[in-house]
1. Part of a helix (DSSP H, G or I), touching a residue at least 40 places away in the same chain (Cβ under 8 Å), open to solvent by 10 Å² or more (accessible area, probe 1.4 Å) and closer than 26 Å to residue 249 by Cβ: which single residue out of 94, 135, 131, 99 fits that description?
2. Quick one: would you say residue 296 is over 21 Å from residue 316 (Cβ atoms), within 26 Å of the chain's Cα centre (by Cα) and hydroxyl-bearing (Ser, Thr, Tyr)?
3. Within region 421-448, restricting attention to residues that are in contact (Cβ under 8 Å) with a residue 40 or more places away in the chain and assigned to a helix (DSSP H, G or I), which residue is nearest to residue 405 (Cα to Cα)?
4. Being part of a helix (DSSP H, G or I), more than 19 Å from residue 91 (Cβ to Cβ) and among the aliphatic types (A, V, I, L, M) is the requirement here; does residue 143 meet it?
5. How do the pairs read when you match residues in region 56-83 that are among the hydroxyl-bearing types (Ser, Thr, Tyr) with residues anywhere that are in a helix (DSSP H, G or I) and at pLDDT 90 or above, using Cβ under 6 Å and keeping only pairs 6 or more apart or on different chains?
6. Write out, first by first residue and then by second, each pair whose Cβ atoms fall under 6 Å of each other, whose residues are 6+ apart or on separate chains, and whose first residue, in region 456-473, is closer than 15 Å to residue 424 by Cα and modelled with pLDDT of 95 or more while the second is among the basic types (Lys, Arg) and open to solvent by less than 70 Å² (accessible area, probe 1.4 Å).
7. Checking the structure you have, find out if any residue of region 349-359 is surrounded by 16 or more Cβ atoms within 10 Å (Cβ to Cβ), part of a helix (DSSP H, G or I) and within 14 Å of the chain's Cα centre (by Cα).
8. Out of region 250-270, which residues are open to solvent by 50 Å² or more (accessible area, probe 1.4 Å) and more than 29 Å from the chain's Cα centre (by Cα)?
Amino acid sequence: PAAHSAPAMSFAVNPSRLRKQNAESEAAAAAKQQKADRERIRRLIITLGDDNKKMVGQIKGLAGALEDDVELHGDLMAETVLECAKNLPMKANVYAAWVARMAEKQPAWANSLLPRILDDLRALLQTGRAVLAQVLLQFTIGLGNCGVIGLNSMCDLLQGVVGLSDGLKQSKGGDLGVYVALSALPFVSAAAHAKAGDKLAGVMQRAEAYMASRDTSAKSLLQIVRTYGTPDRLEALLASLEAFKAAKWCSQVVRHVPGFEPALESKPGLEELGSLGMTAEDVRKSKVRMQVPLMSSQFLTGGSVSDGADDHMALHDRWVLEEYVLLIIETFGKDVDECAKQILRIPVLHPEFEAITIETLFSQMLRLPSPPMLPLFYTRLLGAMMDMQKSTKALVQQCFSVLISRVADLDEECMDVLAEVYAYQLMHNAYQADWSPFIGDKATEQGQRFVRRVLDRLQRLSFHQNLLHRLPENIHVYVPPEPVPASGLSVQLKPEFKEMLGLVKIKDPNDAPVVEFCSKLQRRPVEAAAPEEASAGADFAPTESAPPAEDAGAARDGQSEEPEAKRRRVGEEGAAVPG
């Protein structure tokens, strides 16, 4: 007899299969752990410095916690810190200080950041993204303040950026290099100014040479209130730098992380920052254009300055505070609530902080020739800030009052935007407002024009009867007429029009039968109509050529036959020609 064959090995206990399953499970567990580590690293870096009271301790603690992750996740850490430095303008110096702590134990990782910074800065300047370039340059200045890069190489970079304006007119992108370079100087620490003051003065002199030939004749066309004469932010920046110098480069707005000392040369083991590798000719060829905005109009704080009050914010601090607000709007504009939180969290303790913030938002909302964001965005932003900080509500109402009192001097485009925003404000404030400027002897011609525009836009947001019910009676004269549908047109006598009215519903609307009915009308042939009805019935004209006469009856409703009584009734009620 044939020898008994060995029993087949069970598939479940196959050692090869078990080893493969174990290997796959180990690989999956390793991938899951790596993903968790990456998320942990990103979360720690992004939230660094959120608590101002524990900022210094957080920087030291995070440097120690991530020191061992450089080998596996160094690229992720470098990418994350650069993205945070570009998109979190309030924490640029915090991230620079953390990089300085990391450089003490991981100099090679810190050196790997430098070429990335130059590449990103060059790309941002070449594409004209001045806001991100400003914040990235502020982060680079912070690296110089903390001793990661030498002050000499930092000043050389500033010279390279300001040199992008050499020989260029304002209309050819000349403002780009000067504005980006000078906007970084307020963030240079007092210790860095003490050691590299001569080189920083050279940057300012080069900028002043450009400003001497800069044409500012078009500035008057951008004034929100024609009588204010507000300077643009580049002019105000030069003046604020002089004020900074007089204040010995000390500021109540710019915060520096303590515990670091700058140096003219890089520390041992750290490389010097390279050159920008970009010239003014590159800016000219890229066709980058930059319109420098005006400083915020002092709708609320102008009186304290003219009265000689000693509690108004210094010029250089005001410039930086406005810059913070503009940068936050640019980076957080897609999330209104987060944008409001970031603005209110600016670490400035000053009596005029809220007033200057509101002035900046109103000035951006009315900015000429067009605001950076839609007026609805600023309305929602102001509403979110009033909900989060109740003390801002009175300032917003006061700002509206000041603008309404100056409506005669307001630019016409600004008046349109203000009317739209004021209509939103009335909705948000339950139709409550100070109507006295539009009543009696106080009602000027320009004021009446303004309130009519406001109520015209308000009626679009609400409806006529609601306005008459909610607004005071002495304001009803400015309410526009109630919009009613047209009537008495010959086309409205057609049966198709009546059928369409039956399909279109306000409550529980359904577009499917309406589209189907319109398609049916487009397939219908042109019927012989009276001459006076031909133009009125053009809305129901077909888009395809009419079928032959013998097929007209079948093509009318997609049916071969139609009862004679129905055709007769249509002819009587709708004046249609019988088939």
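The values are calculated or read from the model by the stated rules, or taken from the named source; none is laboratory data. Values in this document were obtained by computation on a predicted structure and should not be read as measured data. No Cβ is skipped: glycine too gets one built from the backbone with ideal geometry, and neighbour counts run over all protein chains shown. These area figures cover heavy atoms from the full protein model, side chains too; ligands, DNA and RNA do not enter into them. Shrake-Rupley method; radii C 1.70, N 1.55, O 1.52, S 1.80 Å.
1. 131 is the lone residue from the list that is part of a helix (DSSP H, G or I), touching a residue at least 40 places away in the same chain (Cβ under 8 Å), open to solvent by 10 Å² or more (accessible area, probe 1.4 Å) and closer than 26 Å to residue 249 by Cβ.
2. Details: over 21 Å from residue 316 (Cβ atoms): no; within 26 Å of the chain's Cα centre (by Cα): yes; hydroxyl-bearing (Ser, Thr, Tyr): yes.
Spelling it out, it is not the case that residue 296 is over 21 Å from residue 316 (Cβ atoms), within 26 Å of the chain's Cα centre (by Cα) and hydroxyl-bearing (Ser, Thr, Tyr).
3. Here the answer is 447.
4. On the way: part of a helix (DSSP H, G or I): yes; more than 19 Å from residue 91 (Cβ to Cβ): no; among the aliphatic types (A, V, I, L, M): yes.
Considered against the rule, which asks whether it is part of a helix (DSSP H, G or I), more than 19 Å from residue 91 (Cβ to Cβ) and among the aliphatic types (A, V, I, L, M), residue 143 comes out as no.
5. Within 6 Å, the pairs are 80/42; 80/45.
6. Matching pairs, first to second residue: none at all.
7. Checking region 349-359: not a single residue is surrounded by 16 or more Cβ atoms within 10 Å (Cβ to Cβ), part of a helix (DSSP H, G or I) and within 14 Å of the chain's Cα centre (by Cα).
8. 250, 258, 259, 261, 264, 265, 267, 268, 269 - these are the residues of region 250-270 that are open to solvent by 50 Å² or more (accessible area, probe 1.4 Å) and more than 29 Å from the chain's Cα centre (by Cα).
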